[in-house]
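Down below is the structure, laid out as structure tokens.
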Amino acid sequence: MSKQSGLLFGDKVYLRPLNGEDAEQYYHMFYGAEVRRLTGTQRHINKEQIAAYIERKADDDSAVLLLIALKETDEVIGDIAIQDMDRGNRTAGLRLAIGHEQHQNKGYGREALILMLDYGFGILNLHRIELEVYSYNSRAAHVYESVGFVREGVRRQTLFYDHEYHDVVIMSMLENEYRERYLK
């Protein structure tokens, strides 16, 4: 029997808030070399810093950070966040990470994105949600475009990683674009 205590539910995944007991798992999920490369993570972070991060996010009114868990097994496979919310302009950023390669390319991230977009536009009353993706992460860029994000521009040579500079692609979705695509 599932112990799902999620906030948002899809067909394959559900999204739930983090709690203190998640620090160990969160640390291991995002410490792998490939996840660090895809997210552009440069710093090494210890478990205590992860626990402090989770606590700070719980008190952050400008962000909603949720874990992505499989409905079938309750296994946590990633996280997704709406962050840097500007309530006056009704804008925010979005980020997503799937922690281990065996959970990638299965539609879990796509489903989590759509759940979070629905929450952002339908509950948080946002008008614009943007994200950034590094130029070498074409798989993620393809998923974002397939969900309905529009490429807006490129910030050249923004990230220094593995001895070279990389561009970051800026993408966004507006509330009317979401509604036309998903609420027909």
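The values are calculated or read from the model by the stated rules, or taken from the named source; none is laboratory data. If you're wondering where the values come from, they're calculated on a predicted model, not measured in any experiment. All Cβ positions, even for glycine, are placed from backbone atoms using ideal geometry, and neighbour counts span all protein chains on display. Just the protein is used for accessible areas: all its heavy atoms, side chains included, with ligands, DNA and RNA removed. Shrake-Rupley method; radii C 1.70, N 1.55, O 1.52, S 1.80 Å.
The set of residues in segment 65-103 that are in contact with an Asp or Glu (Cβ under 9 Å, 6 or more places away or on another chain) and among the polar types (S, T, N, Q) comprises GLN83, THR91. Only one of the numbered conditions (1) more than 23 Å from VAL13 (Cα to Cα); (2) in contact with an Asp or Glu (Cβ under 9 Å, 6 or more places away or on another chain); (3) touching a residue at least 60 places away in the same chain (Cβ under 8 Å); (4) open to solvent by 60 Å² or more (accessible area, probe 1.4 Å) is violated by LEU159, and that is (4).
Given (1) at pLDDT 95 or above; (2) in contact with a strand residue (DSSP E or B) (Cβ under 9 Å, 6 or more places away or on another chain); (3) more than 17 Å from THR91 (Cβ to Cβ), where does SER135 come up short, assuming only one miss? Every listed condition holds for SER135 apart from (1). With the condition kept exactly as written, say whether any residue in segment 60-83 is at pLDDT below 85 and either farther than 22 Å from ASN105 by Cα or among the aromatic types (Phe, Trp, Tyr) (or both). Within segment 60-83, one or more residues are at pLDDT below 85 and either farther than 22 Å from ASN105 by Cα or among the aromatic types (Phe, Trp, Tyr) (or both). Of all residues in segment 80-102, those that are basic (Lys, Arg) have Cβ atoms under 6 Å from Cβ atoms of residues that are outside any strand (DSSP E or B), 6 or more apart or on another chain, in ARG90/LEU126; ARG90/HIS127. Among the residues making up segment 120-147, those that are open to solvent by 10 Å² or more (accessible area, probe 1.4 Å), over 23 Å from TYR165 (Cβ atoms) and not aliphatic (A, V, I, L, M) are GLY122, ASN125, HIS127, ARG128, GLU145, SER146. When you scan segment 102-115, do you find a residue that is closer than 21 Å to GLN25 by Cβ, outside any helix (DSSP H, G or I) and modelled with pLDDT under 95, even just one? Within segment 102-115 (the criterion being closer than 21 Å to GLN25 by Cβ, outside any helix (DSSP H, G or I) and modelled with pLDDT under 95), the answer is yes, since at least one residue qualifies. Within segment 112-127, residues that are over 14 Å from GLU175 (Cβ atoms) and in contact (Cβ under 8 Å) with a residue 60 or more places away in the chain have Cβ atoms under 6 Å from residues that are open to solvent by 10 Å² or more (accessible area, probe 1.4 Å) and outside any loop (DSSP other than H, G, I, E, B) in these pairs: LEU115/LEU8, counting only partners at least 6 apart in sequence or on another chain. ASP79 meets all of the listed conditions (1) within 16 Å of MET171 (Cβ to Cβ); (2) assigned to a strand (DSSP E or B); (3) not aliphatic (A, V, I, L, M) but one, namely (1).
The residue of segment 85-119 that is least open to solvent (accessible area, probe 1.4 Å), among those that are of a type in the set (D, E, K, R) and under 13 Å from the mean Cα position of the chain (by Cα), is GLU111.
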